[in-house]
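Presented below is the structure to which this report refers.
The values are calculated or read from the model by the stated rules, or taken from the named source; none is laboratory data. It should be emphasised that the depicted structure is a prediction, and the values quoted were computed from it without experimental measurement. Ideal geometry is used to build each Cβ from the backbone, glycine not excepted, and the neighbour counts take in all protein chains shown. These area figures cover heavy atoms from the full protein model, side chains too; ligands, DNA and RNA do not enter into them. Shrake-Rupley method; radii C 1.70, N 1.55, O 1.52, S 1.80 Å.
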Amino acid sequence: MLKLYNWKLSPNAFKVRVVLNELNVPFELEEIEILQGAGQKTDFLSLNPNGKVPVLEEDALALWESNAIVLYLARKASQLLPSDPAGQALVDQWLFWQAAHYYQPIIPLAMEKMIKPMFQQAPDEEIVLTQSREFLRLSNLLENHLAQYEYLAGELSVADFGVASTLYPRVQLGLDVSGFKFLNEWLSKLEARDSWQKAL
Ligand SMILES: N[C@@H](CCC(=O)N[C@@H](CS)C(=O)NCC(=O)O)C(=O)O
């Protein structure tokens, strides 16, 4: 059976859980306690030398980077991917954008708004302000695309789950995206799916 190395606070691990559920692939979970330094232990680094979750293990394959994992799962199942090269390239585009841009403000925001408070430390309000502004700028780009297309690559694909997973911790991070009408309609449809609910 596939094994997913997971961390309960990770939106990227959440992304993989949703896609596994969506494809009805059975898997077992192993929790990696990132805040206790488990990502830097030798055993885990032998699976992912980058020391981050998620990692998907299947026989001799240990695959890291959540977007590589969801693309692998979709290709294996021949689901959640358009059949034409142009459609597949759009899926890649949105997944690359998620990792390179949309997810980036989440890292400092999670540090300031979630992790520091766990250790009784006050958030740096300047970081919160600038990173929240950047996240909303990128959300506006998403809104403009979703005003024209029901799904990111034209049909439901792993790109939708990949990008939407970034919004999963928005409440805890104080990110108010309620003004983005099309983004919210798209997100509500994804959140209503059994795969999403089961992954929560
Ligand atoms: N681009 C990577 C990002 C992975 C990542 O940042 N994982 C976080 C949790 S969401 C992590 O394990 N952080 C631990 C650390 O940085 O030490 C992916 O999509 O898998």
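Filtered by the rule that a residue be of a type in the set (A, V, I, L, M), outside any strand (DSSP E or B), more than 13 Å from N6 (Cβ to Cβ) and in contact with a helix residue (DSSP H, G or I) (Cβ under 6 Å, 6 or more places away or on another chain), segment 41-77 gives V70, L73, A74.
Only one of the numbered conditions (1) at pLDDT 95 or above; (2) open to solvent by 20 Å² or more (accessible area, probe 1.4 Å); (3) within 11 Å of the ligand (Cβ to nearest atom) is not met by N48, and that is (2).
Cβ-Cβ contacts under 8 Å between residues 6 or more apart (or on different chains), taken from a first residue in segment 102-126 that is over 20 Å from N140 (Cβ atoms) and basic (K, R) to a second residue that is open to solvent by less than 40 Å² (accessible area, probe 1.4 Å) and more than 11 Å from the ligand (Cβ to nearest atom), are listed as K113/V128; K113/L173.
The residues of segment 166-200 that are without any contact (Cβ under 8 Å) to a residue 60 or more places away in the chain, over 24 Å from Q148 (Cβ atoms) and part of a helix (DSSP H, G or I) amount to a single one, Q197. A89 meets all of the listed conditions (1) among the small types (G, A, S); (2) outside the structural domain of Y151 (by TED's automatic domain parsing); (3) open to solvent by 20 Å² or more (accessible area, probe 1.4 Å) but one, namely (2).
Here L56 does not qualify as surrounded by 13 or more Cβ atoms within 10 Å (Cβ to Cβ), away from the ligand (no atom under 16 Å from the Cβ), closer than 21 Å to S195 by Cβ and under 16 Å from the mean Cα position of the chain (by Cα). Consider V163 carefully, then state whether it is in a helix (DSSP H, G or I), β-branched (V, I, T) and under 22 Å from V19 (Cα atoms). Yes, satisfied.
Table: residues versus (1) at pLDDT 95 or above; (2) away from the ligand (no atom under 15 Å from the Cβ).
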residue: R75; (1), (2): yes, yes
residue: L90; (1), (2): yes, yes
residue: L95; (1), (2): yes, no
residue: L109; (1), (2): yes, no
residue: P117; (1), (2): no, yes
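Please tell me if G154 is under 17 Å from A68 (Cβ atoms) and either in the same structural domain as L187 (by TED's automatic domain parsing) or not hydrophobic (A, V, I, L, M, F, W, C) (or both). So G154 fails the test. Would you tally the residues in segment 5-40 being within 12 Å of the ligand (Cβ to nearest atom), farther than 19 Å from Y168 by Cα and either touching a residue at least 40 places away in the same chain (Cβ under 8 Å) or part of a loop (DSSP other than H, G, I, E, B) (or both)? The qualifying residues number 4.
All of L73, L80, L156 fail the test of being over 24 Å from E28 (Cα atoms) and surrounded by 13 or more Cβ atoms within 10 Å (Cβ to Cβ), apart from L156.
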